[in-house]
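Worksheet: one structure, shown below.
Please treat every number below as a calculation from the coordinates, not as lab data. Small disclaimer: the values here were computed from a predicted structure and weren't measured. A quick note on method: Cβ atoms are made from the backbone with ideal geometry, for glycine too, and the neighbour counts reach across all protein chains shown.
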Amino acid sequence: MFVDLPPPVHHVEPWGEPFDRRLATLRRGRPRIAYFYAEPDNSTFRYRVFNMIEAIDREWPDASAAYFTLADGEGLARVAETADILVICRARYSSLIGDLVARIRRRGARVLFDVDDLVFDTRYVELMLHTLAQPVNEPAWDWWFAYTARIGRTLALCDGAITTNAYLADRIRDVAPIDVRIVPNFMNPAQIAHSRSIMQAKRQSGFRRDHALHIGYFSGSPTHVHDFGVATASLADVLHRYPEVRLRMVGYLEVPPVLEPFAERLDRHAFTDYVNLQGLVGATEINIAPLQDNRFTNCKSELKFFEASAVGTVTCASPTYAFAQAIRSGENGYLARGYEWTDVLAQMVEDLIEGGQRYQEIAGRTFEEATAHYSGAGQIVSIRDAILRGDQA
């Protein structure tokens with residue numbers, strides 16, 4: 001584990017402004033970009049709405065942007081009277097959505113759809129259920145078909161779409177004959193600032209470590225059990241071969257039987273806020289991001305890679321579309337097919353045991369690339385392109 005790192009910081013989720021203040025923010029500039037998301041959360045909302053708004057606020061001074069939710073109720077009519085562009089993010093169709101789109105269309109404003117997962121095409125419901133380890137029963141079929149169909153209906157109302165990568169963009173084009181633009185997920189300033197302080201401390205200490213070497217899995221919800229399973233046998237092999245290795249797991253994922261013999265070397269951590277999670281990742285030598293290989297997982301973004309990169313932690317990931325596009329194996333991280341996990345992890349462990357010179361070179365390279373590219377400043381050109389679509393600001 002890396003040591004001499006900054007302590008946790010006080011962090012409060014930065015969304016929660018009252019409606020009138022958000023509406024006033026929207027009225028401040030031109031174009032006026034209103035984002036709609038059902039209810040703020042720490043996942044899709046943060047990446048696809050909040051981070052976009054912060055980037056626009058900092059990097060596009062003439063424009064204004066604000067978010068609105070189901071809880072804003074009748075106030076959404078005032079949003080429809082104000083916005084030049086409405087971006088609906090991963091929202092299930094309802095009469096409220098239909099009315100909001102109709103109102104803003106009467107003013108000639110553009111309506112865009114933003115989505116970060118393959119959750120709009122009912123042909124993939126069965127694949128989703130199996131990939132996410134969901135129960136396969138009548139209530140599950142009813143819920144997931146309704147969820148997916150309603151999101152698909154919202155997509156069908158929109159003039160264009162925004163998504164995270166080209167593979168998912170093609171899946172949108174399969175169901176909707178609209179223009180699709182790409183804006184990858186990226187980090188916000190608070191996350192980057194804390195990440196930079198962690199990397200600075202690692203560099204100042206010469207990447208100093210204690211006696212233990214940690215491999216970290218930071219996607220520990222029950223829906224990732226099959227993804228984690230891609231690497232568990234290899235993790236057991238590495239734990240058996242190298243007694244100094246420990247496995248760090250964040251979340252509530254059950255320990256699979258193959259790892260039970262190493263229970264005393266498994267470190268469990270509860271979920272934490274996204275800023276302080278960077279500290280936990282930064283203290284970990286090897287970040288793993290195993291994924292199954294199917295159409296659903298190939299739509300996933302590379303965020304587990306770039307968030308680890310921002311704290312100088314090197315990633316080994318499955319070569320799904322986004323990871324394969326982002327990672328140059330052996331240069332800014334590592335890719336491992338199912339049968340390669342043991343060898344690649346062993347290579348990374350042995351490099352660290354022998355002093356970690358190659359590790360530090362990769363960590364430095366991937367840090368510089370990630371903090372430049374996966375930031376609001378790094379993506380503002382893509383954001384403007386996705387919003388304006390050739391129009392002048």
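With no solvent and one point on each alpha carbon, what is the Debye value of log10 I(q)/I(0) for region 189-373 at q = 0.09, 0.11, 0.13 Å⁻¹?
Cα-only, vacuum Debye calculation for region 189-373: -0.28, -0.42, -0.60.
For the pair ASP159 and GLN357, what calculated FRET efficiency results from E = 1/(1 + (r/R0)^6), where r is the Cβ-Cβ distance and R0 = 35 Å, to the nearest 0.05?
Using R0 = 35 Å, I get an efficiency of 0.10.
Which one of ALA346, ILE53, LEU259 is farthest out on the positive end of the charge dipole of the chain, using unit charges on Cβ (Lys, Arg +1; Asp, Glu -1) and the Cα centre as origin?
ILE53
If you keep only loop residues by DSSP, which GluC sites (Glu not before Pro) in region 322-375 have at most 11 other Cβ atoms within 10 Å of their Cβ?
In loop regions of region 322-375 (DSSP not H, G, I, E or B), the sparsely surrounded GluC sites (Glu not before Pro) are GLU354.
With both partners inside region 189-373, how many of the DSSP beta bridges are antiparallel, as a percent to the nearest 5?
So the antiparallel bridges amount to about 0 percent of the total.
At 7 Å along the Cα-to-beta-carbon direction for both ARG106 and THR122, put a label point, then send me their distance in nm to one decimal.
3.1 nm
What residues qualify as long-range amide H neighbours of GLY333, i.e. H under 5 Å apart, gap of 5 or more or another chain, H built at 1.01 Å from N?
Here ARG328 satisfy the definition.
Could you give the distance between the Cα centres of region 159-205 and region 245-322, to the whole Å?
18 Å
Using unit Cβ charges (K, R positive; D, E negative) and no other charged atoms, how large, in debye to the nearest 20, is the dipole of region 100-162 about its Cα centre?
Roughly 640 debye, rounded to the nearest 20.
What FRET efficiency comes out for the pair VAL175/HIS211, r = Cβ-Cβ distance, R0 = 41 Å, nearest 0.05?
After rounding, the FRET efficiency stands at 0.15.
By how many nm would the segment from ASP385 to ARG58 grow when fully extended, if each residue of separation counts as 0.36 nm and the alpha-carbon distance is taken off?
Contour length minus the Cα-Cα distance gives 116.1 nm.
Identify the residues of region 322-336 with backbone N under 17 Å of a label point that sits 7 angstrom from the Cα of ALA372 along the Cα-to-Cβ direction, or state none.
326-328, 331-333
Per the Kirkwood treatment, what hydrodynamic radius in Å, one decimal, follows for the chain from the mean inverse distance over all distinct Cα pairs?
It is 22.0 Å.
Got a sec? How would MET1, MET199 order by Cβ neighbour count within 10 Å, fewest to most?
MET1, MET199
Identify the trypsin sites (Lys or Arg not before Pro) of region 1-31 meeting these criteria: DSSP loop state and at most 15 other C-beta atoms within 10 Å of the C-beta.
Filter output for region 1-31: ARG27, ARG28.
Which three extents, in whole angstrom, do the alpha-carbon atoms of region 143-268 cover along their principal axes, largest first?
56, 40, 21
What are the trypsin sites (Lys or Arg not before Pro) within region 304-393 that DSSP puts in a loop, where the Cβ has at most 16 other Cβ atoms within 10 Å?
Counting only loop positions with at most 16 other Cβ atoms within 10 Å, the trypsin sites (Lys or Arg not before Pro) in region 304-393 are ARG328, ARG337, ARG389.
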